[in-house]
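Written out below as structure tokens is the structure these notes cover.
What follows draws every value from the coordinates through simple rules; no lab data is involved. These numbers were taken from a predicted model, which means no experiment stands behind them. Virtual Cβ from ideal backbone geometry, glycine too; neighbours counted across all protein chains shown.
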């Protein structure tokens, strides 16, 4: 299987950061799919287990290439659940990049499908997000419960729901 430009860029950024080489600059002439602004999540796995994941709901960089580099470095160094990635781990890491389509508000959980849609829950300034089609997340109730927990939102307080689709690069 050919690795996508998005995943190659994420890998290069993490490897440069872990080896303390100058921060990987975005591709000088990125493929057309990476030239527009877009939000994305970069997930890093080691032996099938999550090793880091950081992303954005809305673009923060001028291009998707720059967004991928930023989020890949942060996923490898700033995910509070994990220690920073070390050079020894690099051969064992797998990457995925999820490019988010624009979120849309929904009126009820009935409009969700954890295989097709990611979910964003929001209560005031707090929010939690869960990507779609994650292993072990088989119901809307589970998807929403995990997103609420990630956002520090209690199940019994009022919150808003949004859904989104992604383009996943492996």
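Brief remarks on what is shown
- With Cα atoms, 0 to 90° folded angle of helix 64-77 axis to the chain main axis: 90 degrees
- Normalised radius of gyration (Cα atoms, divided by 2.2 N^0.38 Å) for the range 59-122: 1.46.
- Between the helical axis of 5-18 and the longest alpha-carbon principal axis of the chain there is an angle of about 70 degrees.
- Relative contact order [Cα under 8 Å, 6+ residues apart], the chain, whole percent: 22 percent
- Only helices enter the 222 nm calculation for the chain: every DSSP H run of n ≥ 4 contributes -39,500 (n - 2.57), and dividing by all residues gives -7500 deg cm²/dmol, rounded to 500.
- Against the main long axis of the alpha-carbon atoms of the chain, helix 140-151 sits at an angle near 70°.
- Rg/Rg_globular for the range 104-165, with Rg_globular taken as 2.2 N^0.38 Å and Rg from C-alpha atoms: 0.97
- Fully extending the segment from residue 108 to residue 145, taken as 0.36 nm per residue of separation minus the present Cα-Cα distance, adds 11.9 nm.
- If you plug the beta carbon distance of residue 155 and residue 33 into 1/(1 + (r/R0)^6) with R0 = 35 Å, you get a FRET efficiency near 0.35.
- Calculated on the alpha-carbon coordinates, the convex hull of the chain measures out at 122 cubic angstrom per residue.
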